[in-house]
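The values are calculated or read from the model by the stated rules, or taken from the named source; none is laboratory data. No experiment lies behind these values; they were computed from the predicted model shown. We place every Cβ from the backbone using ideal geometry, glycine too, and count neighbours over all the protein chains shown. Calculation scope for accessible area: heavy atoms of the full protein, side chains included, ligands and nucleic acids excluded. Shrake-Rupley method; radii C 1.70, N 1.55, O 1.52, S 1.80 Å.
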Amino acid sequence: MARILIVEDEVRISSFVSKGLQAEGHTTTVAADGVTGLDYALTGDFDLVVLDINLPGKNGYEVLEEMRAVGSTLPVIVLTARDSVTDTVSALEGGADDYMAKPFKFAELLARVRLRLRQANGQAGPVEDVLEAGGVVLDLRARTATVGGREVVLSAREFKLAEIFLLNPGQVLSREQLLSHVWGYDFDPGSNVVDVYVGYLRKKFGAQAITTVRGMGYRFG
């Protein structure tokens, strides 16, 4: 798993991204301003940077420019509220490896993180095509699920929720982690949608597949 630097001054977004990446097994560090972010990025201790543009101290373009000026080849995914063609071109010409406009879905960010990490490591193809745990098998390419050899039909949300569980078998995942990973950081944190969808998966995977850990969240397997 990777060491990822998140340079973002909006606490809600940095927390959302950090918790989601940690749920995937990555180690994260958050910097809330451009000066600190640049200092961290140049330490050589990270595998990838998620970089906001509108930052105090130094903006994301300045951070990126200074990183590339000293020869840093660290993969950078730019996050910003700006989504004009000019901003996109500026980020990419400045040395960004990818660009995402806010608001965004964590699943899309995660896909881009995986892609950039694979490219940085000289790997081709998906890291994992099939996930298997507790008698459940998810084929990430075909988007199919089987339980004990029997295919079950999952909605897009159910599949994404199942994916995060199978990526973290035996680990307790909080409702907040599951909510941010599947529904996004702008979803109502007071919603019971996680509990509802866990119920859907239990009906399809078996009542014992997902355990409720009181006061903490849910554990698969």
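Numbers for the structure displayed
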read-out: Inter-site label distance for Q119 and K105 at 7 Å from Cα along Cβ, in nm; value: 2.1
read-out: Largest to smallest accessible area among M1, M67, M216 [probe 1.4 Å]; value: M1, M216, M67
read-out: Where the chain is the region considered: accessible area per residue in Å², 1.4 Å probe; value: 48
read-out: FRET efficiency for T211 and R3, using Cβ-Cβ distance with R0 set to 30 Å, rounded to 0.05; value: 0.45
read-out: Over the stretch 163-221: Rg over Rh, Cα atoms, Kirkwood Rh; value: 0.93
read-out: Relative contact order, percent, the chain [alpha-carbon distance under 8 Å, six or more residues apart]; value: 16
read-out: Gained length - D39 relative to N59, 0.36 nm times residue gap less alpha-carbon distance; value: 5.9 nm
read-out: Cross-link table K58/K105; K19/K160; K19/K203; K19/K105; K105/K160; K58/K102, entries beyond 22 Å C-alpha to C-alpha; value: K58/K105; K19/K203
read-out: The stretch 90-202 - Debye-derived log10 I(q)/I(0), Cα point model, q = 0.12, 0.14, 0.22 Å⁻¹; value: -0.52, -0.69, -1.32
read-out: Helix-only [θ]222 nm of the chain, DSSP H runs n ≥ 4, -39500 (n - 2.57) each, per residue, nearest 500; value: -12000 deg cm²/dmol
